[in-house]
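Notes to accompany the following structure.
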Amino acid sequence: MMKRYLFLALFISVTLLLPAQQGTSVNRQNNEEGRKNQVYSLSGFRHGVNFFQAVKLEGVEYEPGESLTFDRYHSLEVIYAWLKRWAAQYPDILELCEAGRSYENRPVMQVTITSKKHGKDTDKPGAYFEGGRHSGEVTASESAFWLIKYLLENYGRDPEITRLIDTKTIYIRPVNNPDGHNLYMNTAQSNRSTVRPVDNDGDGLLDEDPPDDIDGDGIILTMRWKDEVKGTYIPDPDDPTGRIMKRVSPGKGIYSTSQEGIDNDGDGRVNEDGIGGLDLHRNYPENWRPQTEATGRGFTQSGAGEYPLSETETRSVVTFLLSHPNVYVVNSMDTSVPMHLRPPSTSPSEERMYPEDLKWYRHFDNLGKKITGYVRAGDVYNDYGRGSPLFGHGPDFGYWYFGAIWYGDEIWNGGRNKDYNGDGNIDQIEMLKWDDEENDGRGFVEWKPARHPAYGEIETGGFNPKFFSQNPPAKHLEKWISNQAMFNLEMVKALPALEWGNIEIKKIKSYKGDSADYQLKIAFKNNGQLPTSLRQAQLVKIVSPDRVVIEIDTVPGFRDKTAFKILGSGNRPSSGEGSQYSDNTREQIISQSRTEYRTFPSTEGGSANIATFNIRIFGGAELSGKASVFSTRGGVLKDKPFTVK
């Protein structure tokens, strides 16, 4: 054993003298086969190692079976296999696409769920749900994955789900960061987001000091060693089992502790520069800040990336959403607090949000807590950060830039499940007690001896960092992911729901020669909860005004003379304004000589709008036509016939 660690220390020392190592061109292809070879390789230019021992973690399914259950986690290969199966099994309501490519060139897969026979996905109000942005927060991926299965299996069985899929569009991306997800599930390693090499400790080296699995059990645990000089921990006297440690003043303890690892770069710190380090959730363009700035007096943001949307994974989210402005509600999920988390991230809610928009966010805050049982819900700046800002944050992009309802919910409670003594605080002893009683003791790894190349005899143990601290134990997974999915589904149910109202036609004036003026009133209503757009969406012009368009058919017998005239200038855009409309809408609205329309800034939930057109008919002609409603986030109503005579 001693020879093994001496060799390891020698190997690490030698590698630090070498140039940064570039992953080979076959690394990505070999990753999926890595477990067979017991090595998991990374791509990228780094000074630390580019490969790790491949592992199979307890509670993770690595090969797709005949059935899918959520009493276990699922590898990337399993998730993608099921997406492909579902695309083949449910072609009428599910479409699978590659939404982007990751840093290591893996596909980022996304599904569109809507009934194709009931219209195009972009002609319906949309929702977007995403997991897996942060590598280790795999519970979020499972919740997105669970929701896909739930929707598919209940279409045609549950009337409410059937109606939702017929009339709405739900876009789901289970794993936005497949590189990090794959690393987490197939090695002992864990990182924040993308695996792009980063200098986290400012020493000019990239990823040179990742954690080391000293005892070779496939988990990066806590290590403790005897240190009666500087020790800061003692066995907690309130824990009769001796497993939990209690922090004391330096020199008063008998143990020092650290995350399992070695000081690979000799700087006196352990594991301070692991794989990657950028944060895809600090890489959005709204209120982005750099990682360093020249004055030393401005705000900075760790993990921000080189520039806004520098990372392909985040960029693919933003470009997709900007090209799909029908998306109205979003949840890009993480772990763990738990909390329903929303904008703002740099100021109190009341200072920057329109009151009518904030009302809706607070509605969903309260609704979410009732569904999931989370104690906390609110904005990032005050309710989560207690006055500390986050920059380049997804929810801020979602509201101020995209004008949507955007949450970044945190699932799971870190193992803080039950306050046994009722003091309002759940300590590690209570966490351990719950684990013993409700989780068969699987969340805590008993202390066991190992040997460290620098510290000598040590022990490794503690709470499982992956499937207790960061994510729920597999046994308790489905409760958490299904509750979160049900909240997301409630946001879908709140989307606008446009329906036709009445069409009224009456003669308002007669003229000599069988001519007359008629008034045509076309009503449509929003039977959904949300208005067809938030006030912020109108401000940033991510949505066009709601519009009612009429198109008059050709009148028989009036080929060479005028049969009618639509009175009043209306609100047809000038040619210079046409650029704000999509090509399809512009063709439908502007190029047809027999069309006219009326616009409305928005249509409130539970209310109606009425478009009024005055038409003069010559020579007793009879007019027929059709009306349509176009709303960016409310959807489309097509071709309602009418006759004026």
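Suppose only helical runs count, i.e. DSSP H with n ≥ 4. What mean residue ellipticity at 222 nm does that imply for the chain under -39500 (n - 2.57) per run, divided by all residues and rounded to the nearest 500 deg cm²/dmol?
Mean residue ellipticity at 222 nm (helix-derived): -6500 deg cm²/dmol.
Cα centroid distance between the stretch 507-528 and the stretch 287-334, in Å?
What the calculation gives is 50 Å, centre to centre.
If you roll a 1.4 angstrom probe over the protein chains with everything in place, what fraction of the accessible area of the chain belongs to carbon and sulfur, to the nearest %?
The computed percentage sits at 48.
Please give the contour-minus-distance gain from F45 to R594: 0.36 nm per residue of separation, less the Cα-Cα distance, rounded to one decimal in nm.
Contour length minus Cα-Cα distance gives 191.4 nm.
Between S624 and K479, take the C-beta separation as r, use R0 = 51 Å, and let me know the FRET efficiency to the nearest 0.05.
Plugging the Cβ-Cβ distance into 1/(1 + (r/R0)^6) gives 0.35.
Of F402, F600, I148, whose Cα points farthest to the positive end of the dipole of the chain (charges on the beta-carbon: +1 Lys, Arg; -1 Asp, Glu; origin at the Cα centre)?
Selected residue: F600.
Mind giving me the FRET efficiency for E438 and D267? R0 is 45 Å, r the Cβ-Cβ distance, nearest 0.05 is fine.
Calculated transfer efficiency: 0.60.
Put +1 on the Cβ of each Lys and Arg and -1 on the Cβ of each Asp and Glu in the chain; which of T532, V60, H393 then has its Cα farthest toward the positive end of the dipole?
Comparing the listed Cα positions along the dipole, T532 ranks first.
Run the simple label-point estimate for N614 and K521 please: 7 Å along Cα→C-beta, distance reported in nm.
That separation, rounded to one decimal, is 1.5 nm.
Roughly how many debye, to the nearest 20, is the charge dipole of the stretch 158-253 about its Cα centre, given +1 on each Lys and Arg Cβ, -1 on each Asp and Glu Cβ, and no other charges?
400 debye
Hey, can you find the accessible area per residue of the chain for me, probe 1.4 Å, expressed in square angstrom?
Ligands and nucleic acids excluded, the figure is 43 Å² per residue.
Just going by the charge dipole of the stretch 233-354, with Lys and Arg at +1 and Asp and Glu at -1 on Cβ, which of P240, A304, T257 is farthest out on the positive end?
It is P240.
Can you compute the modelled spin-label distance between S249 and S510, with each label point 7 Å from Cα toward Cβ, in nm?
10.4 nm
State, as an integer percentage, the relative contact order of the chain based on alpha-carbon contacts under 8 Å between residues 6 or more apart.
Averaging sequence separation for qualifying contacts and normalising by length gives 12 percent for the chain.
Let me spell out the model: positive unit charges on the Cβ of Lys and Arg, negative unit charges on the Cβ of Asp and Glu, origin at the Cα centre of the chain. What dipole size does that give, in debye rounded to 20?
Rounded to the nearest 20 debye, it is 3320 debye.
Suppose every Lys and Arg Cβ carries +1 and every Asp and Glu Cβ carries -1, with no other charges. What dipole size does the stretch 289-427 come out with about its Cα centre, to the nearest 20 debye?
So the dipole magnitude of the stretch 289-427 works out to roughly 180 debye.
Quick one: 3J(HN,Hα) in Hz for the stretch 126-141, Karplus 6.51/-1.76/1.60 with θ = phi - 60°, rounded, Gly and Pro as x.
Coupling constants for the stretch 126-141: x, 10, 10, 10, 9, x, x, 5, 8, 3, x, 8, 6, 4, 4, 5 Hz.
How much of the DSSP beta bridge set in the chain is antiparallel, as a percent to the nearest 5?
80 percent
Using a Cα-Cα cut-off of under 19 Å, which lysines could be cross-linked to K525, ignoring same-chain neighbours fewer than 8 residues away?
The reachable lysines, counting only those whose Cα sits under 19 Å from K525, are K124, K168, K493, K626, K638, K640.
Among (1) -0.30, -0.81; (2) -0.22, -0.76; (3) -0.39, -0.93, which one is log10 I(q)/I(0) by the Debye sum over Cα atoms at q = 0.05, 0.09 Å⁻¹ computed from these coordinates?
After the calculation, the listed value that fits is (1).
Quick one: length gained pulling K149 to K565 fully straight, 0.36 nm per residue minus the C-alpha distance?
Stretched fully, the K149-K565 segment lengthens by 144.4 nm.
The values are calculated or read from the model by the stated rules, or taken from the named source; none is laboratory data. The shown structure was predicted, so the numbers you read here are calculated from the model rather than taken from an experiment. Virtual Cβ from ideal backbone geometry, glycine too; neighbours counted across all protein chains shown. Surface accessibility is based on the protein's heavy atoms, side chains included, excluding ligands, DNA and RNA. Shrake-Rupley method; radii C 1.70, N 1.55, O 1.52, S 1.80 Å.
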